[in-house]
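Working notes for the structure below.
The values are calculated or read from the model by the stated rules, or taken from the named source; none is laboratory data. Here the structure is a predicted model, which is why all the values come from computation and not from measurement. Neighbour counts run over all protein chains shown; Cβ positions are idealised from the backbone, glycine included.
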Amino acid sequence: MNLIISILTLLFTPSTLAVTIRGGTSLLYATLGEIFTERSGILNLGVEGMMIMGAVTGFAAAFKTGNVWAGVITGMIVGGLLALIHAFLTITLRASQTVSGLALTLFGSGLASFLGQRLGPGGTPLVGRIGPKFGKLPVPGLSSIPFLGQAFFQQDILVYAVYLLVPLAWYFLYKTRPGLHLRAVGENPQTADAMGVNVAGIRYLYTIVGGMLVGLGGAHLSLAYTPGWTEGMTAGRGWIAIALVIFATWDPGRAVVGAILFGAINAIQLRLQAQGTTIPAAFLNMMPYAFTILVLVVITWWEAFSRRVGAPAALGLPYVREEKG
Amino acid sequence: MILPLKVEKRLSPSRLASFLVPFISLLLALIFGGIILLSAGANPLTTYKAMLLGAFGSKYSLSETMVKAIPLMLCGLGVSIAFRMLFWNIGAEGQLAVGGIAAAGVALFGAERLPDDLVLPVMFVAGFAAGALWGLVPALLKAFIRVNEIIVTLMMNYIAILWVEYLFYGPWKDPAGYGFPGTAQFPEAAWLPRLEGTRVHLGLAFALAAAVFIWLVLGRTKWGYEIRVIGENPRAATYAGISLVRNILLVMILSGGLAGLAGMAEVSGIAHRLQKGLTVGYGYTAIIVAWLGKLNPWGVLLVALLLAGLLVGGDQIQITMQLPAAVALILQGAILFFMLGGELFTRYRLRWERRPVEKALKPSLVEGKGSGS
């Protein structure tokens, strides 16, 4: 009980909230990206691989050019290119989406490790290099609101960008024609096809868009949240993002709740560690993973109970036009 | 762009294609890896030659390849039986870790109280049981509340790996180890016997026995028949009165248990203690092993040996050529990509269309042709 109270009092300080938001941001980019991809009916389990590639190439590009934006753009392009492999394999060549996604994660992790050891100046490792990073950019006026200002408006620009991206994604998905097409392709590709929507084209498009957002999430990690490159720095965030898509029931708005929840877990863990608690660090580090399982169990249970329709109906299923004789 | 290509489903999978695809995939992966090596300023041919010699060139390197093949075989067999019924067990890494923990626990705290001849059998059972329990958690969650097993098994990997680290950095750390992160060395009764003059240990026999067992189960028993039916069509299986719940639980006991055995064999056959380097990704490579081995036990053994060679070759070029060992991981991933893509050709036939496409009459089956836009 004491622990719970001390966790709560820890959480509601402006600095912990600020860390919560910052830590949740890269997760939110990845979750939003995977929501777009899965909404089109493509399950991409390569999030972890794309994210870590976004982190390493983003940092390397920023380090080489001295420009953080070059890093962001590189991370996005690399994420998109990796997603293109998945799209080609699963849409054109009709390979298993599960296995292709796993392959992408394994391939991406290996390639990131390789690049991390070669992309420093003259082929040296990137580990330990200090490169440019996104600094805090207080929003004039808003940042001086007591409490909330420090938590929400003294952040880096990629955090503000995600504040805008969420309502935009929501509006796009539910209120625009291309958003309708996207949802139709994921729910009922036969009907979408009959309506004249290019099913394969849309699936390609949103798999790539999803990969770009995931790559951006990775770049946020290495350029803003914990600037620099360390091997395995995504530490399962890509997989947590996939769990958050389920938690969010494929809705960008709910994804925010999930990202904040996991940002908070992260922040609590860091605070407890900094305070010197008696709980061993390993157990604190387990928290996000154990919590992911817990959240997944609760949400699955609740969904079965309330019979809510969650996943896009055609998620994971390849679409081939009826073969006629 | 519209290609005059037509994709037609074959009536039965092409034998020629099934045979050729793995080799062509390997070749393409090597070419692809070569491009990456070139861009990193390394000569692909000399690198590959060094990898090949490093993995299979001498008696020593061959035995090291075999040493790495053992956990890949055990985990690969475990993963493949789960994949057979479309249960995506991505958790072999964690199951291996807890198997190692359990076996180490027996060796460190039970060996003195047990007769020497019983130490290894108890470690064997403990390793299998720990892996099986770790695998049962996602199985129970999947069987009863349909929780996504991919994420649960994966999250449990991270938890298990942190737990191993906690133990050898913390309460199980060797007090006489000068701060070295690892437990004390096990008493000799807890060492798996080795092949004379090599590090190849009895775990190899576990793997071979497991392959025979799985082959018999799949081909000769009602249980194996049920697993295969579920894998082909879960809905039909339930209509036929096959219990999904029971099969998920049983298969995951076996799958997790085999990975747990791999962990037991690693600590007891190689390191003789719990230390850093128990979890080096065998559980993940096992996914590739299982898939490239076509989920067939003999295929798994063969591919495990090849991929172990790739890993040993990767370590070799790290030492001799200062190239990252991760080259091996890149190649693994690339082989899997090309295999996945190539499988299309075993199931479908590509045909050039002679005449102009009669679009209005025959809706084309080529779904991918206009999709690059």
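Annotations for the structure displayed:
- All positions within segment B:17-39 that are surrounded by 18 or more Cβ atoms within 10 Å (Cβ to Cβ) and in contact with a Gly (Cβ under 7 Å, 6 or more places away or on another chain): B:21, B:25
- Residue check for residue A:80: away from every other protein chain (no Cβ under 11 Å), under 19 Å from residue A:240 (Cβ atoms), under 20 Å from the mean Cα position of the chain (by Cα) and not aliphatic (A, V, I, L, M): no
- Subset of segment A:61-76 (residues that are touching a Ser or Thr at 6+ places or on another chain (Cβ under 8 Å) and of a type in the set (Val, Ile, Thr)): A:74
- Verdict on residue A:196 being loosely packed, with under 12 Cβ neighbours inside 10 Å and within 14 Å of chain B (Cβ to nearest Cβ): yes
- Condition check for residue A:55: in a helix (DSSP H, G or I), in contact with a Lys or Arg (Cβ under 9 Å, 6 or more places away or on another chain) and modelled with pLDDT of 85 or more: no
- Tally, over segment B:272-300, of residues that are part of a helix (DSSP H, G or I), surrounded by fewer than 21 Cβ atoms within 10 Å (Cβ to Cβ) and in contact (Cβ under 8 Å) with a residue 12 or more places away in the chain: 1
- Complete set of residues in segment A:221-243 that are touching an Asp or Glu at 6+ places or on another chain (Cβ under 8 Å) and not in a loop (DSSP other than H, G, I, E, B): A:224, A:237, A:238, A:239, A:241, A:242
- Output for segment A:39-73, where each listed residue is surrounded by fewer than 24 Cβ atoms within 10 Å (Cβ to Cβ) and not hydrophobic (A, V, I, L, M, F, W, C): A:64, A:65, A:66, A:67
- Check on residue A:291, closer than 27 Å to residue A:169 by Cβ, within 14 Å of chain B (Cβ to nearest Cβ) and either outside any helix (DSSP H, G or I) or in contact with a Pro (Cβ under 7 Å, 6 or more places away or on another chain) (or both): no
- If the condition is being more than 9 Å from every other protein chain (Cβ to nearest Cβ), of a type outside the set (Asp, Glu) and in contact (Cβ under 8 Å) with a residue 12 or more places away in the chain, then segment B:307-324 contributes B:307, B:308, B:309, B:310, B:311, B:312, B:313, B:314, B:316, B:317, B:320, B:321.
- Residue within segment B:325-342 that is at the interface with another protein chain (Cβ under 9 Å from one of its Cβ atoms), within 33 Å of the chain's Cα centre (by Cα), modelled with pLDDT of 70 or more and assigned to a loop (DSSP other than H, G, I, E, B) present: yes
- Qualifying residue in segment B:199-207 (condition: part of a helix (DSSP H, G or I) and within 24 Å of residue B:336 (Cα to Cα)): yes
Each row is one residue, and each column tells you yes or no for (1) surrounded by fewer than 18 Cβ atoms within 10 Å (Cβ to Cβ); (2) part of a helix (DSSP H, G or I); (3) under 17 Å from the mean Cα position of the chain (by Cα).
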residue	(1), (2), (3)
A:246	no, yes, yes
A:253	yes, yes, yes
A:259	no, yes, yes
A:264	no, yes, yes
A:267	no, yes, no
A:272	no, yes, no
A:297	yes, yes, no
A:305	yes, yes, no
A:314	no, no, no
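- Residue in segment A:139-154 that is more than 14 Å from chain B (Cβ to nearest Cβ), more than 30 Å from residue A:258 (Cβ to Cβ) and out of contact with any Cys (no Cβ under 6 Å at 6 or more places or on another chain) present: yes
- Set B:165, B:112: member being at pLDDT 90 or above and of a type in the set (Asp, Glu): B:165
- Members of segment B:163-178 found to be among the charged types (D, E, K, R), assigned to a helix (DSSP H, G or I) and without any contact (Cβ under 8 Å) to a residue 40 or more places away in the chain, listed by number: none
- Qualifying residue in segment B:189-197 (condition: touching a His at 6+ places or on another chain (Cβ under 9 Å), buried (at least 21 other Cβ atoms within 10 Å of the Cβ) and not in a helix (DSSP H, G or I)): yes
- Residue match in segment A:75-90 (condition: touching a helix residue (DSSP H, G or I) at 6+ places or on another chain (Cβ under 6 Å) and surrounded by fewer than 24 Cβ atoms within 10 Å (Cβ to Cβ)): yes
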